[in-house]
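Colleague: The structure follows.
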Amino acid sequence: MVPPRKLLPLLTIWLALASAPFHAMAAEFYTEDLRIPMAEAGPQGLEAFLVRPAGAKRYPLALLSHGSPRSFDDRATMSAHKYYGVALEYARRGFAALIVMRRGYGSSPGGRVDSVGGCAKAAYLPATAVAVADLRAAIDAMAHRTDVTTSGMIAAGHSAGGLATVALTAQAPPGLVAAISFAGGRGSRDDDDVCNPDGLVQAFATFGRTSRVPMLWVYASNDSYFGPDLARRFVDGFRGSGGNATFIAAQPYGEDGHYLYSVVGRPQWTPYVDAFLRERGLVGRDILGPPDSLPPPRQLNEAVRAEFARYLASMIPHKAFAVSPNGGYGWRSGRVTADDARRDSLAACMKWSSSCTLYAVDDQLAGPAPGPVTDQSARAR
């Protein structure tokens, strides 16, 4: 059930969505689950998720790289789908955004292959070389597609993925024209406690010796992983060795600026990205709108339609929403496949009714709108 204190904000969201016009021809996006072939990853390959505009053309690649949690056990819970909301921002700007889970993260095999070793002598160069190899495998796979081009591609990463992106520019593959690092770094084991910080600064300096790709670096002033003083040491070392980085010391974000690069933080970070890309002629004047808001199921009463607003706001595919004629419903998100989401949402709905049907799958209606309004109260999932 939705807690009463949260119902009003959710209902406000729904009212805003419901009042928006429904355009059949508005921007659409194509998504695809992938496995990136890589010998070192075995027959399973690397987990990946592609988001691009739905047009029939080749879109330049935006290669997106994730961070590394402080706890090794948390790696198994990671998923490329969780970065859908961030990837969508690049797709809206005309890129084919690929989130690739490096070896040892999510369902990509690899264990501790990118370990930095003991904290006091953390070795960042060999660990980052592993990450770069994974990113290159993803680039190679995308180069063979008919809907993606690696000419005019960009790369962007967060935290350890930001460090990996910086390292990629030091061995820049053909076609890489710009790169972005949000809160780039690695080795944070607690707030303001980084393993071998001098070694990490030296790693950035090493990458700067051969990196010539224009970069944007963004660090929020309240980043608990890599604070302002350490971030400044990173960029000074990189630039001092010849690297090309535009550095932005962003305003504080929430309780921890390390998570500025997120769906919720979009209003603050997307202007930085737009300015950087436009300076290089890499994004047009028009940015595609997000996927159309779907009309809520008519048989849900007004109060519980806020639950459908929660479904719409969920940025973790795959997801589905099921309803019954008497006002029951159920939905699930974060499933591995769309079929899994369909099955699980129907099962959730059928706890209340034996006549449930799918209403929406991901960001699209599943079929014709259900029947007329009933006066029965909807049942919570």
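Colleague: If we keep just the residues of the stretch 254-309 that are of a type in the set (S, T, Y) and closer than 27 Å to M153 by Cα, which is surrounded by the fewest Cβ atoms within 10 Å (Cβ to Cβ)?
Modeller: T270
Colleague: Tell me the residue from A170, A141 that is out of contact with any Ser or Thr (no Cβ under 9 Å at 6 or more places or on another chain), surrounded by fewer than 24 Cβ atoms within 10 Å (Cβ to Cβ), of a type outside the set (V, I, T) and in contact (Cβ under 8 Å) with a residue 24 or more places away in the chain, please.
Modeller: The unique qualifying residue is A141.
Colleague: Restricting attention to the stretch 348-366, and to residues there that are of a type outside the set (V, I, T) and over 28 Å from the mean Cα position of the chain (by Cα), which single residue is surrounded by the most Cβ atoms within 10 Å (Cβ to Cβ)?
Modeller: That would be C349.
Colleague: Still on this structure, I have one more. Which of (1) more than 21 Å from F207 (Cβ to Cβ); (2) surrounded by fewer than 20 Cβ atoms within 10 Å (Cβ to Cβ); (3) in contact with a Leu (Cβ under 8 Å, 6 or more places away or on another chain) is the odd one out, the single condition A87 does not satisfy?
Modeller: Tallying (1) more than 21 Å from F207 (Cβ to Cβ); (2) surrounded by fewer than 20 Cβ atoms within 10 Å (Cβ to Cβ); (3) in contact with a Leu (Cβ under 8 Å, 6 or more places away or on another chain), A87 fails exactly one: (2).
Colleague: So is A170 closer than 17 Å to F95 by Cα, at pLDDT 95 or above and among the small types (G, A, S) or not?
Modeller: Spelling it out, it is not the case that A170 is closer than 17 Å to F95 by Cα, at pLDDT 95 or above and among the small types (G, A, S).
Colleague: Any idea which residue in the stretch 49-79 is nearest to the chain's Cα centre (by Cα), counting only those that are among the small types (G, A, S) and surrounded by fewer than 23 Cβ atoms within 10 Å (Cβ to Cβ)?
Modeller: Among those residues, the one meeting the criterion is S79.
Colleague: Then there's this: Of the residues that make up the stretch 191-207, is at least one of a type in the set (A, V, I, L, M), surrounded by 17 or more Cβ atoms within 10 Å (Cβ to Cβ), touching a residue at least 40 places away in the same chain (Cβ under 8 Å) and under 24 Å from P69 (Cα atoms)?
Modeller: Yes: one or more hits.
Colleague: On to the next question. Within the stretch 51-69, which residues are in a loop (DSSP other than H, G, I, E, B) and farther than 19 Å from S107 by Cα?
Modeller: A54, G55, A56, K57, R58
Colleague: Any chance you could count how many residues in the stretch 70-110 are farther than 17 Å from V130 by Cα, in contact with a helix residue (DSSP H, G or I) (Cβ under 8 Å, 6 or more places away or on another chain) and not in a helix (DSSP H, G or I)?
Modeller: Total meeting the criteria: 4.
The values are calculated or read from the model by the stated rules, or taken from the named source; none is laboratory data. On a predicted model such as this, the values are computed, not experimentally measured, just so you know. All Cβ positions, glycine included, derive from the backbone under ideal geometry; neighbour counts span all protein chains shown.
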